[in-house]
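Step one of this worksheet: look at the structure below.
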Amino acid sequence: MRQHGKLEYGGQAAPQRTCVGCRVRTAKTELLRLVRVEDHVVPDLRGRLPGRGASLHPSLSCLELAERRRAIPRAFRVPGPLDLSPVRAHLEGEPRNVM
Ligand SMILES: [Zn+2]
């Protein structure tokens, strides 16, 4: 696990996002940003991919919650199902071996 808790943003509170799985608001830096590429959802590991993003705790339980609630297509404002397997593979695997 990454060390955290010491980041400062010029005295301002860290930006927060809501996890699409468990709906808990968490510092953006603690969440995995997801972006949609056509019908796939991929983890934006560098925070650089363009487009609408969704935030998820980097945990399989939050991914499963999001899947069960169909929260991810809603977050991306698409009607159909999206392929979450790249995100699942990232969460199941060694992060440094992905991308
Ligand atoms: Zn969560």
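Since every read-out is calculated from the coordinates, none of them should be taken as a lab result. Computed from a predicted structure; not experimentally measured. Quick reminder, even Gly has a Cβ in these numbers, built from the backbone with ideal geometry, and neighbours come from all protein chains shown.
Starting from the Kirkwood Rh over alpha-carbon pairs, what translational D in µm² s⁻¹ does the stretch 9-99 have by Stokes-Einstein at 10 °C and 1.306 mPa s?
119
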Spin-label model distance (nm) - R69 vs T26, 7 Å beyond Cα toward Cβ
1.3
